[in-house]
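Peer 1: Would you mind keeping the following structure in view while I ask a few things?
FYI, it's all coordinate maths here, none of it is from the lab. Because the structure is a prediction, the values reported are computed rather than measured. Cβ placement follows ideal geometry from the backbone for every residue including glycine, while neighbour counts extend to all protein chains displayed.
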Amino acid sequence: MFEKLFMLVKNNAGTAVINNPEIQEKDRDAVMNDASSSIIEVLKNQLDSGKLKDLVKYFQYPGIYENPLIDSAVNRFTNKLNHFYNLTAEKAAEIAHSLIPPVMQEMIKQSKLEENNNDFSLSAMVTKLSGNMNIAPLLQQLRMA
């Protein structure tokens, strides 16, 4: 899942990262890795703080641009860009806003594909984020609620 998320970020990183003169060529892979880790950290935080039901709702009913998960991932990535790559807060926010929402939207689309063969399925993601705990029965209950 984590490698596929990095590839998803990389496939969406054209203007925001790869072709952006503000980001040094030597830093581009690290920036894309930080974008991926920002998304993972936000999703994992949802689990760790007991908000599994909210995470399920996010993937079932994505109001992508009104969602606090998107905002959290954008803010986390903005902070990393500002802190580690010496980008201004404004430039960092611009890059984060152009990269994170499309990646998370694509994750949602891919999560709805065939459940058994999908690294982005909700059950596969939650299993990975929770340290390989099988919580499929709980997810099924939450989907019905």
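Peer 1: For segment 37-90, what is the convex hull (Cα atoms) projected area averaged across all directions, in square nanometres?
Peer 2: 4.0
Peer 1: Right, here's the next one. Once all Cα-Cα distances of segment 1-119 are split into 5 Å bins that start at 0, what whole-number percent is in each one?
Peer 2: 2, 12, 22, 25, 19, 11, 7, 2, 0
Peer 1: Given points 7 Å out from each Cα along the Cα-Cβ axis, report the THR15 to HIS97 separation in nanometres with one decimal.
Peer 2: 1.3
Peer 1: A further question follows. Less than 12 Å Cβ to Cβ from GLU3, Lys/Arg counted +1 and Asp/Glu -1: what total charge do the surrounding residues give?
Peer 2: Neighbour charge sum, excluding GLU3 itself: +2.
Peer 1: For LYS51, what charge total do you get from the other residues with a beta carbon under 13 Å from its beta carbon, if Lys and Arg give +1 and Asp and Glu give -1?
Peer 2: Summing Lys/Arg as +1 and Asp/Glu as -1 gives +1.
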